[in-house]
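Note sheet for the following structure.
No value in this document is a laboratory result; all are computed from the given coordinates. The model shown is predicted, which means the values in this text are computed figures rather than measured ones. We place every Cβ from the backbone using ideal geometry, glycine too, and count neighbours over all the protein chains shown.
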Amino acid sequence: MIDLTDRLIQTPTVIRAANGSVKWHAPRRLLQLLCGVLLITLPLTNGLRLDLRRDEFYFAWHKMAAHDLFLLFWVSMLGVALLSAISFLYGRLWCGWVCPQTLASDFADSLRTRLDRALHTRPGRSRFALARSLWALAVLAVSLGTGVVFACYWLAPAAVFAATRAPWLDPAAGLTVYGSAAVLAADMLWLRRRFCSHLCPYGPLMSTLGDQNTLAVRYLIERGDDCIGCHKCETDCPMGIDIKQGVGQHACIGCGECIDSCNDVLGKRGKSGLIEFRYGTEAAHVTKALTLTQRLGLWDGRRAMVALTVPACLAVVLGLIYGHWPVGASVNARGDIVRTATEIRNGYLFTVDSGDPNPAAFTLSVTGIPGAWIVPQTLTIGAHDSRTVPITVTGPTASLSVGRTPIRLRVSSGRDSKEIQTIFYMPAP
């Protein structure tokens, strides 16, 4: 079998147990901290945000039109491919190391434990009510801050901050902030781990994504005689499960806390722990000469194909965001025709689709009628955005005859240009 703690991951800077095995608590907390900072900074810096009011979509600090469904589809596919690859190769590491729900639960549990220790209290003692009150207040404050951040993913941060101070001035934004905060507060105060074990559909989904080669926390039953029955792996498990009951329990989130606990206890006795991160349990995996692909979890072609979907989707998304695409245009007659003694005016609805990865100014012109002109003559469009505007084409009466006259409308910006044909109509006097 493959012993990740002894052979796969050799990181000298990671804290180790007495028996030399890697301790997973510190790197897990560090990754959770980085993910928390990322979740906060992304909407505030326009790294990832869908502004429903302004019809703007921000991805990788680049602004696009929110109605660009093709781009939104591929961004969604990137998220699905990433989660599927993590699940298929590394099992529940998403749950225990990255998931925001686990981050919130770990924060609430850790804060409660630290307050109890700081006040030297436990249930039944005089200051226990004080500790729980301080904990509840801290959770409410964090929930409100998280509600503000969550609302910033869907609305402009300035509008969210204003609605937080005075929700009656912007009821929709205020409801988003305080409604999200209320849901998160209820989760952190009462649900926490119960959401993961009883409500989250991801655990049952893993039974269809994982197989015998998927990374998992495994109890080495073949060394069961070394177990001293201390039950520390159960008491330290945030989900309260007994890993000795077997691999693949839906409630296991793959955090690795039980691995650290077992290594701490047996390490003091000069033995290696009985719980490890492992890829499968087949005898064919017993080897000390692991290849790089095996260390990455790429044991077969299926895993390689699943892993390759992530960079493939990412390449498509980056191409759509930063690539340069031809400009598109369409025109529809509005039917408003005005005739004077010297000129004829026809109205149209003109739609321009910009393929430029940056905001661009387009010039509009008309040919087919000598002396004709178009209003407006310039149009500014955002990156990979489309815009529909009313335009008016005016032609001198002396250059026209009664009936239909073919004309060509041209839109151009730098190297990009597009011509479309339509009809200019002159009514009889």
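Convert each backbone phi in region 259-268 into a coupling constant with the Karplus relation 6.51 cos²θ - 1.76 cosθ + 1.60 (shift: θ = phi - 60°), then list the ³J(HN,Hα) values in order as whole Hz, x for Gly and Pro.
Result, rounded to whole Hz: 5, 4, 4, 5, 5, 5, 6, 6, x, 5.
Residues with beta-carbon under 15 Å from that of Ala129, excluding Ala129: net charge, scoring Lys, Arg +1 and Asp, Glu -1?
Spelling it out: positives minus negatives among the neighbours equals +4.
Okay, helix-only estimate at 222 nm for the chain: each DSSP H run of n ≥ 4 adds -39500 (n - 2.57), divide by all residues, round to 500 deg cm²/dmol; what do you get?
-12000 deg cm²/dmol
Report the residue, chosen from Gln212, Gln32, Gln249, that carries the largest GNM mean-square fluctuation when the chain is represented by alpha-carbon nodes joined by springs under 10 Å.
Gln212
Within the chain, how many Lys pairs that are eight or more residues apart, or on different chains, come under 17 Å at the alpha-carbon?
Qualifying lysine pairs in the chain: 6.
Leu296 to Leu52: extension gain in nm, 0.36 nm per residue of separation minus the Cα-Cα distance?
Contour length minus Cα-Cα distance gives 83.9 nm.
What is the distance in Å between the Cα centroid of region 19-70 and that of region 137-207?
Using only Cα atoms, the two centres lie 16 Å from each other.
If you place +1 on the Cβ of every Lys and Arg and -1 on the Cβ of every Asp and Glu, how big does the dipole about the Cα centre of region 4-317 come out, in debye to the nearest 20?
Using Cβ point charges on Lys, Arg, Asp and Glu, region 4-317 gives about 860 debye.
Per 0.36 nm of contour for each residue apart, how much would the distance between Gln245 and Leu83 grow if the chain were fully extended, relative to their Cα-Cα spacing?
So the chain would gain 55.6 nm between Gln245 and Leu83.
Tell me the angle of helix 171-186 to the major Cα principal axis of the chain, expressed in degrees between 0 and 90 and rounded to the nearest ten.
10 degrees
By average Cβ neighbour count within 10 Å, what is the ranking of 142-150, 186-194, 328-336 from highest down?
Final packing ranking: 142-150, 186-194, 328-336.
Provide the per-residue ³J(HN,Hα) series for region 113-121, in order, calculated from phi with Karplus coefficients 6.51, -1.76, 1.60 and θ = phi - 60°, each as a whole number of Hz, with x at glycine and proline positions.
So the Karplus estimates, Gly and Pro as x, are 5, 5, 5, 4, 5, 5, 9, 6, 9 Hz.
Can you sort Lys268, Lys418 so the residue with the fewest Cβ neighbours within 10 Å comes first?
Lowest count first: Lys268, Lys418.
First measure r as the distance between the Cβ atoms of Arg165 and Arg117, then evaluate 1/(1 + (r/R0)^6) with R0 = 45 Å and state the FRET efficiency to the nearest 0.05.
Approximately 0.80, to the nearest 0.05.
Need the full-extension length gain, Gln421 to Leu175, defined as separation in residues times 0.36 nm minus the C-alpha distance. One decimal, nm.
83.7 nm
Across 10 Å bins from 0, what is the distribution of all Cα-Cα pair distances for the chain, in whole percents?
4, 15, 20, 19, 15, 10, 7, 5, 3, 1, 0
Just want the ordering: Trp74, Trp94, Trp168, from fewest to most Cβ atoms lying within 10 Å of their own Cβ.
Trp168, Trp94, Trp74
Treat the count of other C-beta atoms within 10 Å as a stand-in for reagent exposure and order Trp24, Trp299, Trp325 from fewest to most.
Arranged by neighbour count, lowest to highest, Trp24, Trp299, Trp325 become Trp325, Trp299, Trp24.
Could you calculate the FRET efficiency of Gln212 with Asn332 from 1/(1 + (r/R0)^6), where r is the beta carbon distance between them and R0 is 60 Å, rounded to 0.05?
Approximately 0.50, to the nearest 0.05.
Once both axes come from the Cα atoms, what is the angle between helix 128-152 and the longest principal axis of the chain, in degrees from 0 to 90, rounded to 10?
Long axis of 128-152 versus the principal axis of the chain: about 30 degrees.
What FRET efficiency do you get for Ala304 and Phe70 if R0 is 35 Å and r is their Cβ-Cβ distance, rounded to the nearest 0.05?
Using R0 = 35 Å, I get an efficiency of 0.80.
Along the Cα→Cβ direction, 7 angstrom out, place labels at Ser412 and Leu318. What is the inter-label distance in nm?
According to this spin-label approximation, the distance is 3.4 nm.
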